[in-house]
Structures are given as C-alpha cells and as structure tokens.
Amino acid sequence: ANYIILFIVATSITYFSQHIPFFWDNVSLVSRLAAYYYDTNFQSLVLPNEIDPGHPPFYPLYIAAMWAFFGKTLAVSHWAVYPFLLGTYWLYYRLCCLILPSRLHIFALLLLLLEPTLLGQSFMAGIDIALLFATLLALNGIFYQQRFLSLIGFILMASISLRSIIGIALFG
C-alpha cells in the first residue's frame, strides 16, 4: 500500500509540474546544454566554452535524448525526471524498511513526502532529483551489500555533477 502512495504522489507531482519552465541554475546546468545537444543533433559531446558549466554532461544529454524521442517540450522534460523521482521514493522507503521498525514506516513516508526541499526540487526539471536517486542507489547497495548497485549509483553520481563526484569521497 505504501508503494502505491509513493507512485500516486510521484505521478501527481510530475503531472502538476509539467508546465513549470526551467529556472535558476537549471537553465545553465540543464536546458541550455540539452538544447545545444538537441539542436546540433548530438554531433559533439564537447560543449562550447560560453555555455560549458564544467559539470559532466550525462543529465543534459539524457534530457536532449528524451526530447529527440518524445518532442522538445517542458512536459517531456518533467516526465524525464519521473523515473528518478519514483526511484528516489522507492530507494528511500527501501532503506527505511531496513533500518526502522515497521511501526515507524508511515512516519518515514510522511517525512519524505512533506520535506520542503525535496518537494520543491520534485517540481523542477533539474539535476537534483537524479543526483538524490544516484546517492540513494549507492546507499542501498552499501546497506543491502550489493556492490553492483553501489557501483551503478557511484557512476551515476559521477556523471551528473561535480559536487556528487566530491560526495562519492564521503562514502569512503
């Protein structure tokens, strides 16, 4: 039942946010870069100096690929975040089930769904939800002793942003 709640919340957030434009650092870290890749038909992974923020290009490439398949729209940008948002909810809840007694699972779920920073980031089509997903994937791999899961999480973290590359060192 709790997984159904997470699915409904993630779907609702994505549906209601699909008209919200890129803003703040998501313009320079996501939309401008994704537009470059999309507009140049992915001819080069190397960005021009004037738009290169110095971060790894995975996420803008991912958004550009989603645009190439489904159309260059805000809705597509937001629905591209949906798997990361749903995965974040699932991985968080999975950790809670391992760490907390079952009577506290509902409170952990409420904390997740009502936490203002996560809620705010969930409405934006930025890199932060993907970064949180990758971090939780690595943590799940560690706690569940699944090295492959941790490896995938660390690879995703390293391909999303510079701060997550630094964050990987915190796991050491």
Inset, instruction - Go over the candidates 85, 45, 29 one by one and state the one that is in contact (Cβ under 8 Å) with a residue 12 or more places away in the chain, open to solvent by 20 Å² or more (accessible area, probe 1.4 Å), among the aliphatic types (A, V, I, L, M) and within 15 Å of residue 130 (Cα to Cα). - result: 29
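How many residues, within region 32-42, are open to solvent by 50 Å² or more (accessible area, probe 1.4 Å) and assigned to a helix (DSSP H, G or I)?
Residues that pass the stated criteria total 4.
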Inset, instruction - Under 7 Å between Cβ atoms, at least 6 apart or on separate chains: pull out the pairs that start in region 147-168 with a residue that is free of Cβ contacts under 8 Å to residues at least 24 places away in the same chain and end on any residue that is open to solvent by 30 Å² or more (accessible area, probe 1.4 Å) and among the polar types (S, T, N, Q). - result: 153/135
Legend entry - Enumeration of residues in region 106-127 that are crowded, with 22+ Cβ neighbours inside 10 Å and part of a helix (DSSP H, G or I): 122
Inset, instruction - For residues that are in a helix (DSSP H, G or I), open to solvent by 20 Å² or more (accessible area, probe 1.4 Å) and over 15 Å from residue 8 (Cα atoms), tally how many sit in region 70-82. - result: 4
Inset, instruction - Would you check if residue 59 is assigned to a helix (DSSP H, G or I) and open to solvent by less than 30 Å² (accessible area, probe 1.4 Å)? - result: yes
Inset, instruction - Test residue 166 against the stated conditions and say whether it is open to solvent by less than 20 Å² (accessible area, probe 1.4 Å) and at pLDDT below 95. - result: no
Inset, instruction - Determine which single condition residue 161 fails, assuming it passes every other condition in (1) open to solvent by less than 10 Å² (accessible area, probe 1.4 Å); (2) closer than 19 Å to residue 12 by Cα. - result: (2)
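The values are calculated or read from the model by the stated rules, or taken from the named source; none is laboratory data. Keep in mind that this is a model prediction, so the values were computed, not measured. Reconstructed Cβ throughout: ideal geometry from the backbone, glycine too, with neighbour counts over all protein chains shown. To get the accessible areas, we keep the full protein, side chains included, count just its heavy atoms, and leave off ligands, DNA and RNA. Shrake-Rupley method; radii C 1.70, N 1.55, O 1.52, S 1.80 Å.
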